[in-house]
Amino acid sequence: MPTLSVSGPQLDDGSHQIDLLLRSVVDYAIYMLDVDGYVRSWNTGGERIKGYSSDEIIGRHVSSFYTPEDIAAGAPARGLEVARNDGRFEAEGWRVRKDGSRFRAHVVIDPIVQDGEVVGFAKITRDITERYEAQQALEEARRTLAHSQKLEAVGKLTLGLAHDFNNLLTVVINSLDLIARRPSADERTRRMVETALRASERGAVLTRQLLAFGRGQMLAPERSSIDLLITRSMELYRRAAGSEVSLVVEVEAGLPDVEVDRAQFEAAVLNLVSNSRDAMRQGGRITLSARLVHRADPTRPDSVSCDYVSVSVRDEGHGIPVEIQERVFEPFFTTKEVGRGSGLGLSQVFGFAAQSGGFATLESWPGQGTTVSICLPPMSAIDA
Ligand SMILES: Nc1ncnc2c1ncn2[C@@H]1O[C@H](COP(=O)(O)OP(=O)(O)O)[C@@H](O)[C@H]1O
Ligand SMILES: [Mg+2]
């Protein structure tokens, strides 16, 4: 706050002193309102914080400082009412400057009483935007930290369990394979073994997801052609799509290579195809496509548009309700019944894309379908 450098005889006059004091305060808007809420006096702080000169604001109503939402909710009159009845009103909220920008304000209103009657109001407003924003940033950092600590703990636990589980499943699958091959096995036994095998394979996919999550997706990237990546796993994707759903593949010719962990790429596309199948119980079509796109990374606000190889899985399923679209990437978020969903599919997809130097996007239209795209940075012909 600036120091007053005025001294001498002028200061002896009481009202002049107060006038000087008010004019010198620049960090607080201090002003008077009449009983109906019209501005009667103004100070330097008011001009600095709210942008109006005294000529512009004196005579205007106090609601000029409020947001349209607050005006609609009757906030300006209520503030004065509380001050009149309780002897004081104090609040924090958003206010509007002359140029239309908003600031966080701490407001105190006191009634001015003369001969037992309220003749006006004294209002003091402080701009606390900086403090407010710092508090919000701190709160956000605290939330992020707590979240990442929780994820790390879950990750460690998951990794341990998934390893053991993986070993057990290998034994189960090998034994089932051997049973299925025995010449003595009758048709019924073979069918049961087949069902058991399918369930174990689902379990194997799940443990793969858990391992990827627990390791924080440690990748072993290799230069690969998209065409090859897709064709080598086509059988797996077809099986995942099931017999009710058709799987159409559209790969643009001449796509540049990408550098990815092949097993994780396969797992990511498999996760997307499985999700699409789950969303189309009544059948339909899944389109797996790859093409070159030119766009900016939506997860980085300062990124510029550039080329990406986009691998998309599109379906005609029930889509994702708008209110949960934000949450579906969270690890363990699932809307499926126990035993059907782990909630790790999309988090693997988004984690894989980011760790491969790209990003993933999800678009969903409830009732019409969903498209998830994995955008990977292309390797140029001269990249080693
Ligand atoms: N293609 C899709 N269509 C409709 N909903 C989907 C689709 N993909 C994902 N979802 C929704 O997102 C949730 C999380 O997906 P995911 O991370 O793969 O976990 P999971 O499939 O194990 O539930 C699903 O439970 C589902 O509600
Ligand atoms: Mg899934």
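With only Lys, Arg, Asp and Glu charged, each at its Cβ (+1 for the first two, -1 for the last two), find how big the charge dipole of the chain is about the Cα centre; round to the nearest 20 debye. Walk me through the numbers on the way to the answer.
On the way: 44 positive and 53 negative charges, 353 e Å.
Taking the Cα centre of the chain as origin, the dipole is about 1700 debye.
What's the percent breakdown of Cα-Cα distances in the chain across 10 Å bins, shortest bin first?
Spelled out per bin, shortest first, that is 4, 16, 19, 14, 11, 12, 11, 7, 3, 1, 0, 0.
Which whole-Hz ³J(HN,Hα) couplings does region 86-101 yield from phi under the Karplus relation 6.51 cos²θ - 1.76 cosθ + 1.60, θ = phi - 60°, glycine and proline marked x?
Result, rounded to whole Hz: 9, x, 5, 10, 9, 7, 10, x, 8, 10, 10, 7, 4, 7, x, 6.
For region 255-260, just list the computed ³J(HN,Hα) in residue order, Karplus coefficients 6.51, -1.76 and 1.60, θ = phi - 60°, integers in Hz, with x standing in for Gly and Pro.
Listing the rounded values in order: 5, x, 5, 10, 10, 9 Hz.
Kindly write out, for region 143-158 in residue order, the coupling ³J(HN,Hα) from the Karplus curve 6.51 cos²θ - 1.76 cosθ + 1.60 (θ = phi - 60°), rounded to whole Hz, with x marking Gly and Pro.
After applying 6.51 cos²θ - 1.76 cosθ + 1.60, I find 5, 4, 5, 4, 5, 6, 5, 5, 5, 5, 5, 4, x, 4, 4, 4 Hz.
Mind putting a number on the dipole of region 13-127 about its Cα centre? Charges go on the C-beta only, +1 for Lys and Arg and -1 for Asp and Glu, and I need it in Debye to the nearest 20.
420 debye
If you roll a 1.4 angstrom probe over the protein chains with everything in place, what fraction of the accessible area of region 219-384 belongs to carbon and sulfur, to the nearest %?
51 percent
If you count, for each residue, the other Cβ atoms within 10 Å and average over each peptide, how do 327-334, 190-197, 141-148 line up from highest to lowest? Kindly include the intermediate steps, with their values, before the conclusion.
Values: 327-334: 16.2, 190-197: 14.1, 141-148: 10.2.
Highest-to-lowest ranking by the protection proxy: 327-334, 190-197, 141-148.
Once R0 is set to 30 Å, what does the formula 1/(1 + (r/R0)^6) return for the Cβ-Cβ distance between LEU145 and ALA122, expressed as a FRET efficiency to the nearest 0.05?
Taking R0 as 30 Å, the efficiency between LEU145 and ALA122 is 0.10.
Between region 305-374 and region 27-87, what is the separation of their alpha carbon centroids in Å?
Distance between centres, Cα-based: 49 Å.
Quick one: which residues, 5+ away or cross-chain, put their amide H under 5 Å from the amide H of PHE359? H built at 1.01 Å from N.
Residues meeting the criterion, in which the H sits 1.01 Å from N, are CYS375.
Would you mind getting the accessible area per residue of the chain, heavy atoms of the protein chains only, 1.4 Å probe, in Å²?
58 Å²
Can you find, among PHE352, LEU168, PRO183, the residue sitting farthest towards the positive end of the charge dipole of the chain, where Lys and Arg contribute +1 and Asp and Glu -1 at Cβ?
PRO183
Carbon-plus-sulfur fraction of the accessible area of region 13-127, 1.4 Å probe, in percent?
49 percent
If each residue of separation counts as 0.36 nm, what is the full-extension length gain between ALA199 and ARG327 once their alpha-carbon separation is subtracted? Before the final figure, lay out the partial values.
Numbers: separation 128, 0.36 × 128 = 46.08 nm, distance 2.77 nm.
43.3 nm is the gain from fully extending ALA199 to ARG327.
List the GluC sites (Glu not before Pro) within region 240-335 that DSSP assigns to loop and that have no more than 14 neighbouring Cβ atoms inside 10 Å. Let's see the in-between values first.
On the way: sites: GLU244, GLU250, GLU252, GLU259, GLU266, GLU316, GLU323, GLU326; in loops: GLU244, GLU252, GLU316, GLU326.
Listed in order of number, the matching sites are GLU244, GLU252, GLU326.
Report, in debye and to the nearest 20, how large the dipole of region 253-316 comes out about its Cα centre when Lys and Arg carry +1 and Asp and Glu carry -1 on their Cβ.
It comes to approximately 320 debye.
Putting +1 on Lys and Arg Cβ atoms and -1 on Asp and Glu Cβ atoms, find which of GLY46, VAL96, GLY59 reaches farthest to the positive end of the dipole of region 13-127.
Final value for the positive-end residue is VAL96.
Between ASP261 and residues 5 or more places away or on another chain, which pairs have amide H atoms under 5 Å apart, with H built 1.01 Å from N, and which residues are they?
Here ALA220, GLU222 satisfy the definition.
Sort CYS306, CYS375 by accessible area with a 1.4 Å probe, largest first.
CYS306, CYS375
The values are calculated or read from the model by the stated rules, or taken from the named source; none is laboratory data. Keep in mind that this is a model prediction, so the values were computed, not measured. We place every Cβ from the backbone using ideal geometry, glycine too, and count neighbours over all the protein chains shown. Just the protein is used for accessible areas: all its heavy atoms, side chains included, with ligands, DNA and RNA removed. Shrake-Rupley method; radii C 1.70, N 1.55, O 1.52, S 1.80 Å.
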